[in-house]
1. Among 53-60, 229-236, how do they line up by average Cβ neighbours within 10 Å per residue, starting with the highest?
2. How many angstrom lie between the C-alpha centres of the range 179-250 and the range 48-121?
3. Quick one: if the Förster radius is 51 Å, what FRET efficiency do D91 and N139 give, using the C-beta to C-beta distance and rounding to 0.05?
4. I need the calculated FRET efficiency for the pair L255 and I188, taking r as the beta carbon distance and R₀ as 45 Å, to the nearest 0.05.
5. Multiply the residue gap between H15 and R49 by 0.36 nm, knock off their C-alpha separation, and tell me the result in nm, one decimal place.
6. If I stretch the segment between I42 and D320 completely, what's the gain in nm (0.36 nm per residue apart, minus their alpha carbon distance), one decimal?
7. Show the residues, 5+ positions off or on another chain, whose built amide H is closer than 5 Å to the amide H of S164.
8. Can you give me the orientation-averaged projected area of the convex hull built on the Cα atoms of the chain, in nm²?
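Laboratory data are not the source of any read-out in this text; all were calculated from the coordinates shown. Everything numeric in this text was worked out from a predicted model, so none of it was measured. Neighbour counts run over all protein chains shown; Cβ positions are idealised from the backbone, glycine included.
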Amino acid sequence: MSEAKQKKHLSIKLHIFISMVALCLGLVLLLWLGGAAFLKQIYGAIKMRDIEHASNQISYSIENESITEILEKIADEYDLCAKIFAFEDDDVSLVGEADFFNDCIICDDVVIGDKDLLTQMYEDARDHDGFHSMPVGDNNIITTQIVHSEVNDCAYLVVLNTSSAPLSATIRTIHSLLGLMTVVAIIISLVASYFLSKRISSPIEKMDKEAKLMAKNDYEVHFEEKGPREIVDLAITLNKTSQEIAEVEKIRKELIANISHDLRTPLTMISGYSEVMRDIPGENTPENMQVIIDETARLTSLVNDLLNVSKLQSGTQKMDVKKMSLTKAIKDTVKRYDTLINHNGFTIKFESDKEAFILGDETRLLQVVYNLINNAINYTGSDKTVIVKQEITDNVVRISVIDSGEGISEEDLPLIWDRYYKVDKVHKRAMVGTGIGLSIVKNILLLHNSRFGVSSEVGKGSTFWFEFKLYQEPNQ
Ligand code: ADP
């Protein structure tokens, strides 16, 4: 991503900071809205519940001897004005009162003495199953409750009055408290979001710096595995990645060094011999020509091997799998070494019991056998003997190519199948192989899902083997 594009995106620090501040402001706004808009309603509802409660309490104790004290206590507790009227034979009388509410509207004598009004209130309560509550104006609630006497032949009317709105002083207090809380909340959220965003973003920023170094081919970087879990996970992954890239980079460098070395050797020979043949009369001999031809053949085989292994690994070449005789393929391959056997004193033995048929790509498998025998010849010991063995057990045929040569050390064993891996790093045997043979063998056998391997002992020789399932006729 270009730097201009990067700048368009907000940093994680700013993201967290903005979100936290927005969240805090949202909460404060909610508090203000709640305080300003719903305070009156909430207060009114609480007051209504309280006054109902008080009315019930008074009703229960109405014939109690100490009703006057009870009334005082309840009125005081709930900030209300309470009156109890007795309705008896067409007469209404005030039998108890307590006033702890300054702005009471049922206290004046007009109300108390207004028999019609009191009778109306009584009837209203009766029409509402004995309890009636009504808001009066903006700030008042009046409740009426009828209680029938169990002692006398009368009915009592409990009338209560209180305010349904909070005092303006209360509202002012709540508002100034809210204001203070807002300032404190904003300061706390600013400080907290600053530290939180720093805590989360700093390991990411550190990682970014290290990743940039990695992008510049510095694979020594170490990502610190500290901080929140996700960041630790990321650091572990990046550490693994950098190790793997470093390994691949090492192999790539080795590969290039090896390939250039092996390309340069025959090219130097070809150009050297050609110049000698051009400049020195009498050097234009068939032997010198042969050197050039041999070196050209080596170059060709190196390039072909490289191409082959790339094609095999990329899967661009299709397999031509059909029934084939593995025994015959090996016999034919061994035959190709007749000249070598006759001229150089090599012995190549093929031991087989019966003919083994398998499903495979013949051309490719011939190459496997050829590469293994070639290696065995190149690396075998002074007895110059190579044994190719075919063994059939159950439904499996195993081919082993055995030599009695220098063997391969244990640490090199798993590596020899890698492309361009040579045990002999100084290329003492550069004339012998291209370092790709076993990689080709491995890729072909993998394409056949075949089991393969090697056992070797330094100084005693090596046995390379692979296995195939025997071909079964469909009706068997
Ligand atoms: P090369 O062309 O160098 O033989 P290969 O891929 O065929 O390349 O083999 C890789 C390496 O494995 C060889 O360089 C050699 O060190 C080792 N190797 C392969 N076959 C044998 C063997 N039969 N005996 C000892 N070492 C072997």
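1. 53-60, 229-236
2. Computed from Cα coordinates, the inter-centre distance equals 72 Å.
3. For R0 = 51 Å, the calculated efficiency reads 0.95.
4. Efficiency at R0 = 45 Å is approximately 0.15.
5. Gain on stretching H15 to R49: 7.6 nm.
6. That pair, I42 and D320, stretches by 91.5 nm at full extension.
7. Here N140, I141 satisfy the definition.
8. Projected over every direction and averaged, the Cα hull of the chain covers 50.8 nm².
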